[in-house]
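Visitor: Got a structure for you, questions after.
The values are calculated or read from the model by the stated rules, or taken from the named source; none is laboratory data. Just so you know, these numbers come straight off a predicted model, no measurement behind them. Note: ideal-geometry Cβ built from the backbone for every residue, glycine included; neighbour counts use all protein chains shown. Just the protein is used for accessible areas: all its heavy atoms, side chains included, with ligands, DNA and RNA removed. Shrake-Rupley method; radii C 1.70, N 1.55, O 1.52, S 1.80 Å.
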Amino acid sequence: MTAPEPSVQAMLEGRRADTGRRRQRVLAALAEAAKDGSETSVAAIARRAGVDRTFLYRHRDLLGQVHAQAAAPPTVPGGRGPAVSRASLQADLVAAEARTARLAAHIRRLEGRLSQALGEQVWREVGISGPDDTEQLKARITTLEQQVVDLELRLQDRDDDLSAARAANRELMAQLNRGRDTPLHLG
């Protein structure tokens, strides 16, 4: 292999130097992100280092460091232990939403029981009776309705008897009135 021309060699060295400077900026951005607990993603580190994301994808060792740091729990500035990560916040949010749903269902059940208890108390205090008397009242209504039907039938029978008695009375009166014209034979 032949040595490259000096101009090509200069370009290659300039390229290597530029790559080295960008690598140093990426490593510095990773260190700063770890120190201050800021977001560690490919886009955030590339933005912070002033490089294109494709630079990180072309340099697998740097990409691996970004992913490893993003997966590790971040620390709070000042070294006070792990900070809250986006994943942990999302997990907390999901758990809080589930708990809220459970509590809302429990509250609905308790409100229903309270409403029922207060309703029964009002029934008793007002003197209308409680819901237990409702079945007794329905049975009483059914009994009274049957008695009304029986009385209506008896009344109809008596009306029929009275009509028959009136008809017989009219016929007898008619015979009596005809009999005045003719002598009555009782015999």
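Visitor: Which entry in (i) 113, 25, 9; (ii) 23, 18, 17; (iii) 24, 20, 14 is this structure's computed semi-axes √(5λ) of the Cα gyration tensor in Å?
Guide: Looking at semi-axes √(5λ) of the Cα gyration tensor in Å for this model, the match is (i).
Visitor: Roughly to the nearest percent, how much of the accessible area of the chain is carbon and sulfur, given a 1.4 Å probe?
Guide: Exposed carbon and sulfur together represent 58 percent of the surface.
Visitor: Can you tell me, using C-alpha contacts under 8 Å and at least 6 residues apart, the relative contact order of the chain as a whole percent?
Guide: 11
Visitor: Can I ask one more? For the pair ALA34 and GLN90, how long in nm is the line joining their label points, each one 7 Å along Cα→Cβ?
Guide: Here the answer is 2.4 nm between the modelled labels.
Visitor: A further question follows. If you stretched the chain out fully between ARG15 and ILE141, how much longer would it get, using 0.36 nm times the residue separation minus the C-alpha to C-alpha distance?
Guide: 35.2 nm
Visitor: For the range 87-96, just list the computed ³J(HN,Hα) in residue order, Karplus coefficients 6.51, -1.76 and 1.60, θ = phi - 60°, integers in Hz, with x standing in for Gly and Pro.
Guide: For the range 87-96, the Karplus-derived couplings read 5, 5, 5, 5, 5, 4, 5, 4, 5, 5 Hz, x marking Gly and Pro.
Visitor: Can you work out the accessible area per residue across the chain, with the rest of the protein chains kept in place, probe 1.4 Å, in square angstrom? Numbers along the way, then the final one.
Guide: Values: 15090 Å² over 187 residues.
Per-residue value: 81 Å².
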